[in-house]
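Remarks on the structure that follows.
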Amino acid sequence: MINRYGKLASWVYHLDKPIGRSFGDQEYYRQRLEQCRRGPILEPAVGNGRLLVPLIEAGFSVEGFDASAEMLEYCQDECRKRKLTVSLTQQTFETFAYDKHFAAIIMPAGSFQLIANTLSAGAVLKRFYDHLLPDGSLIVDLDPIGSFLGPSGSVRSWTTDDGDLLTLTDHRVETNYVAQTTLSHLRYEHWQGGNLTTTELDLFKLRWWGVNEFVLALNAAGFVDVVVSGNYQHGQAPQKDDDIISFEARRPTGR
């Protein structure tokens, strides 16, 4: 199964990207969402709630979904600790559905690139469009192409409060320049007292997008007034060394 985010993957994610950790996105999204207090906000691929929880604490009405039950457990637990009421559901990009519309849909940290098929990505953008209120906003972060084409292979580790060791070995096995995808084997390991207790292998597939290509995809889904920004500087055109590119688009009024 590709992009599973199982037990060990979710544990590592929560250790590496705890609630409230910002890459510049937390401040950016709070600023951009100020205009959206007139309605609820949806975060697909909500993960452990790294961004959702601080937004709720700041007074925004946010709910989310994720395909991974394990990731949702972390998010639900963090909300319970803070006595926050939140709606979280297990759904996928391709089939999510709500009986209401949202003032904004947000996808930070490149989560949209988990949709590796072009046709599926276009259908998901249209699904986002259909779930927005008129004049509602979609904000999506994408990693620049250069981040996909750099050196492959790494080993990282984390120590838990109990002294256990978690390791992640990332090995890229394929770069498909036609499909614009990379496929990596992510091997997670849990060590206790020097003994390997659990291991987990995720097949991790991502798709990269050109800036103009994604703008065209947004337009094809019906979005207008697309603003492309580099490194969370709203309206600043992306530069070749930027770490993140943000796209903000609007569902037009009356459509």
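The values are calculated or read from the model by the stated rules, or taken from the named source; none is laboratory data. Fair warning: this is a prediction, and the values are worked out from it, not measured in the lab. Don't worry about glycine lacking a Cβ; one is built from the backbone with ideal geometry, like all the others, and counts go over all protein chains shown. Heavy atoms of the whole protein, side chains included, go into the accessibility calculation; ligands, DNA and RNA do not. Shrake-Rupley method; radii C 1.70, N 1.55, O 1.52, S 1.80 Å.
Brief remarks on what is shown
- Subset of region 196-255 (residues that are open to solvent by 70 Å² or more (accessible area, probe 1.4 Å), assigned to a helix (DSSP H, G or I) and free of Cβ contacts under 8 Å to residues at least 12 places away in the same chain): ASN212, LEU216, ASN219
- Each residue in region 111-132 was checked for being open to solvent by 50 Å² or more (accessible area, probe 1.4 Å) and not in a loop (DSSP other than H, G, I, E, B), and 6 of them qualify.
- Test result for LEU166, in contact with a helix residue (DSSP H, G or I) (Cβ under 7 Å, 6 or more places away or on another chain) and open to solvent by less than 20 Å² (accessible area, probe 1.4 Å): yes
- Condition met for LYS17 (among the charged types (D, E, K, R), farther than 17 Å from ARG127 by Cβ and either open to solvent by 40 Å² or more (accessible area, probe 1.4 Å) or in contact with a helix residue (DSSP H, G or I) (Cβ under 8 Å, 6 or more places away or on another chain) (or both)): yes
- The single condition among (1) within 13 Å of the chain's Cα centre (by Cα); (2) open to solvent by less than 10 Å² (accessible area, probe 1.4 Å) that ALA45 does not satisfy is (2).
- Residues in region 29-69 that are out of contact with any Phe, Trp or Tyr (no Cβ under 7 Å at 6 or more places or on another chain), assigned to a strand (DSSP E or B) and of a type outside the set (Val, Ile, Thr): GLU43, GLU63, GLY64, ASP66.
- Tally of residues being assigned to a loop (DSSP other than H, G, I, E, B) and farther than 26 Å from MET107 by Cβ across region 142-182: 7
- Test result for PHE96, hydrophobic (A, V, I, L, M, F, W, C) and in a helix (DSSP H, G or I): no
- Any chance ALA104 is open to solvent by 50 Å² or more (accessible area, probe 1.4 Å), touching a Gly at 6+ places or on another chain (Cβ under 9 Å), aliphatic (A, V, I, L, M) and not in a helix (DSSP H, G or I): no
- Annotation: SER137 fulfils all but one of (1) modelled with pLDDT of 95 or more; (2) open to solvent by 30 Å² or more (accessible area, probe 1.4 Å); (3) among the small types (Gly, Ala, Ser); (4) not in a helix (DSSP H, G or I); the unmet one is (2).
- Residue in region 32-42 that is open to solvent by less than 30 Å² (accessible area, probe 1.4 Å) and of a type in the set (Asp, Glu) present: no
- Leading residue by the ranking (most open to solvent (accessible area, probe 1.4 Å)) among those in region 81-93 that are in a loop (DSSP other than H, G, I, E, B) and farther than 15 Å from VAL62 by Cβ: LYS83
- Looking at GLU63, GLU57, just one residue is surrounded by 15 or more Cβ atoms within 10 Å (Cβ to Cβ) and charged (D, E, K, R), and that residue is GLU63.
- Yes/no for ARG21 being touching a residue at least 24 places away in the same chain (Cβ under 8 Å) and charged (D, E, K, R): yes
- Within region 198-212, the residues that satisfy the criterion of being among the β-branched types (Val, Ile, Thr) and either at pLDDT below 95 or closer than 15 Å to GLY6 by Cβ (or both) are THR198, THR199.
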